[in-house]
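*Asks:* To start, I am sharing the structure in question, which I have written as structure tokens.
The values are calculated or read from the model by the stated rules, or taken from the named source; none is laboratory data. Not measured: the values here are computed from a predicted model. Every residue, glycine as well, gets a Cβ built from its backbone with ideal geometry; the counts of neighbours run over all protein chains shown.
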Amino acid sequence: MFEASELNLRNKRTESLYRTLFLVMTLLLILPVLLILGTLIVKGASAISWEFLFGYPKDGMTAGGIFPALVGTIWLVSVALLVSVPLGVAAAIYLNEYAGENWFTRIINLAIINLAGVPSIVHALFGVGAFVIFFGFGTSILAASLTLAIMTLPVVIVSTRESLRAVPMAFREACWNMGATRWQTIRRVVLPNAVPGILTGVILEVSRTTGETAPIMFTGAAFFLPFLPESVFDQTMALSLHLFVVSTQVPNVPENLPYGVALVLIGMVLLMNSLSIALRMYLRGKKKW
Amino acid sequence: MAGSGKAINAESAVEFDRRNTDWYVDKAIQAIVFVGGISTIIFVIGIFVFITREGLTFVFDTLDVKEFLTSEYWDPSDEDAPEYGILALIAGTASVTGLAMVVAIPFSLGAAVFIGEFATGKTREFLKVLVELLAAIPSVVWGFIGLSIMNPLIIEWFNVPVGLNVLNAGIILGLMAAPIMTSIAEDALKAVPDRYREAAEAMGATRWQVIYKVVLPAAKNGLLGAVLLGVGRAFGETMAVLMATGHSINIPTSVFDSVRALTATIAAELGETAVGSDHYGALFTIGIFLFLITFIINLLADLVVRGVRKG
């Protein structure tokens, strides 16, 4: 039989050396963050209680709960979704089902990349200039949500386009051959197969929108409001901004309070992302083609 | 049979008009989704138009471009002699972004190589999910981490009076940008066709030789694109930088100096300015500057990545 030669052995040694090196790099990237998250959980857990989640802030925000901020975040995210989901799904349908490979499509793609890449604070300036001042919405949920919707539009477009693309071309061709129009094909064949995939993208967008802070600072979120918003023209508190406020703007906050806010915020975000990932994996396992 | 069939076809062709209700619905839907597609272009132009509109009076009436870009004095709230120099702010953003990339580039590319090329099966799936979750942590949470966890650690380890500085923000931004860069870099590695690897393996190359000699050169542009997007993200980050840099105007001489970033300046000062004032206009002018720089970075990243697809 063959003996392992000197070259074989040397290759094997370098091989495991590099493998270990890259494993260590991966761990160095991940472990510090896990340690940090662990610290957040340990220090924040003591702040979380029924009263914390469903109570109002008290004593100049140094005590009490985060209820108005939670409700405000739900308002902001819901209104933003009402705008960005229809618009983003329409854009994705156009790009995947109608658009050809030409310069115009390329410009749209570039626009999507730019919407995703423009700094969040520039989106905030845009929200102030366009929605608060020019369209006269004032600092309101409407202005803040529109800003958030435009900022997170690429998330919906990209994930919807991915799930439309995953529907095999043969499905469409079979339908066209029966004499169906493009829209009938999309409505009856493409969308039903793509809806679960679109849903994972929408959940991701909810998560993104929940965590954004800079775009809502000047467009509709307030530092402190002792009541809940009643319409889209009211200002509101928001969980992400609340974390910024209690950790930088308010003196004499007990140490575990901002940790508690951070823990709730990150818990919501990671929960939704996990949900989206789980849904994606379930769908991948279920797929018949 | 054949003759009569032909006759029927010819007859129905006369009356056949494709423009029934379904046809009109189809055209209407096409118009609607087209609006969705074009809205992205309108929004990008809209962003530029509206921030320029608010900054315009300042740009034409007050702004001295040379002073704006080369003076290190930013004191727009001084009533007698306001100063509008963003050099120190540029230095703050550049130092933090630079350090973040020193942290993020090697680790994210290394992690991408491990996840994409070495890891297999469950391990790979698990690491990918983990990286995706890390990428989802909101920036304000990172800022809070810098403020309350990193700050005391830096003070203790390096024996410095203030822990909110270039080092703190650089590490925070690096950890923040790394997962996204890892995902994009891993996609770039995945885009290298498997037959390249198989051909090299058939020649007796070890896995590392395949990676080093075949996969990395083939994925070069995609990896560069990942790095550029990471730079763009770190450059435009706002909340984390606002909370972790110490926010003092400074051209840093060491990583332990506090600095202030362009983005953070807008976030901290916009609330205090009167609409239409010079200070307000100056902040929007910084916004225009940020928009243009990120536009260029994104354009570059797109061109670089597309180059590899054509080749």
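*Asks:* Between residues in region A:142-168 that are under 14 Å from residue A:85 (Cβ atoms) and in contact (Cβ under 8 Å) with a residue 40 or more places away in the chain and residues that are assigned to a helix (DSSP H, G or I) and of a type in the set (Phe, Trp, Tyr), which pairs lie under 6 Å by C-beta distance while being six or more apart or on different chains?
*Replies:* If the second residue must be assigned to a helix (DSSP H, G or I) and of a type in the set (Phe, Trp, Tyr), the pairs left are A:146/A:131; A:150/B:43.
*Asks:* Can you tell me which of (1) in contact (Cβ under 8 Å) with a residue 60 or more places away in the chain; (2) away from chain B (no Cβ under 12 Å) is the one residue A:102 doesn't meet?
*Replies:* (1)
Quick grid of which residues meet (1) on the phi > 0 side of the Ramachandran plot; (2) touching a helix residue (DSSP H, G or I) at 6+ places or on another chain (Cβ under 9 Å); (3) free of Cβ contacts under 8 Å to residues at least 24 places away in the same chain:
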| residue | (1), (2), (3) |
| --- | --- |
| A:22 | no, yes, yes |
| A:26 | no, yes, yes |
| A:32 | no, yes, yes |
| A:47 | no, yes, no |
| A:52 | no, yes, no |
| A:71 | no, no, no |
| A:77 | no, yes, no |
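*Asks:* Continuing with the same structure: Return only the number of the condition from (1) modelled with pLDDT of 90 or more; (2) in contact with an Asp or Glu (Cβ under 7 Å, 6 or more places away or on another chain) that residue B:75 does not satisfy.
*Replies:* (1)
*Asks:* While we're looking at this one, here's another question. Where residues in region A:54-109 are under 24 Å from residue A:228 (Cβ atoms) and β-branched (Val, Ile, Thr), which of them is nearest to the chain's Cα centre (by Cα)?
*Replies:* The qualifying residue nearest to the chain's Cα centre (by Cα) is A:77.
*Asks:* Looking only at region A:194-206, decide whether some residue is in a helix (DSSP H, G or I), more than 22 Å from residue A:146 (Cα to Cα) and of a type in the set (A, V, I, L, M, F, W, C).
*Replies:* The answer is yes; a qualifying residue exists.
*Asks:* Kindly provide the set of residues from region A:215-265 that are within 8 Å of chain B (Cβ to nearest Cβ), crowded, with 23+ Cβ neighbours inside 10 Å and over 18 Å from residue A:78 (Cα atoms), ordered by number.
*Replies:* Result: A:243, A:244, A:258, A:259, A:262.
*Asks:* Still on this model: So, residue A:63, is that one in contact with a helix residue (DSSP H, G or I) (Cβ under 8 Å, 6 or more places away or on another chain), more than 8 Å from chain B (Cβ to nearest Cβ) and surrounded by fewer than 23 Cβ atoms within 10 Å (Cβ to Cβ) or not?
*Replies:* yes
*Asks:* Here are B:177, B:169: which of them is outside any loop (DSSP other than H, G, I, E, B), in contact with a strand residue (DSSP E or B) (Cβ under 8 Å, 6 or more places away or on another chain) and closer than 22 Å to residue A:265 by Cβ? Show your work before the answer.
*Replies:* Working: B:177 fails: in contact with a strand residue (DSSP E or B) (Cβ under 8 Å, 6 or more places away or on another chain).
Only one candidate passes the filter, namely B:169.
*Asks:* Only one of (1) surrounded by fewer than 21 Cβ atoms within 10 Å (Cβ to Cβ); (2) under 30 Å from residue B:276 (Cβ atoms); (3) within 14 Å of chain A (Cβ to nearest Cβ) is not met by residue B:85, so which one is it?
*Replies:* (3)
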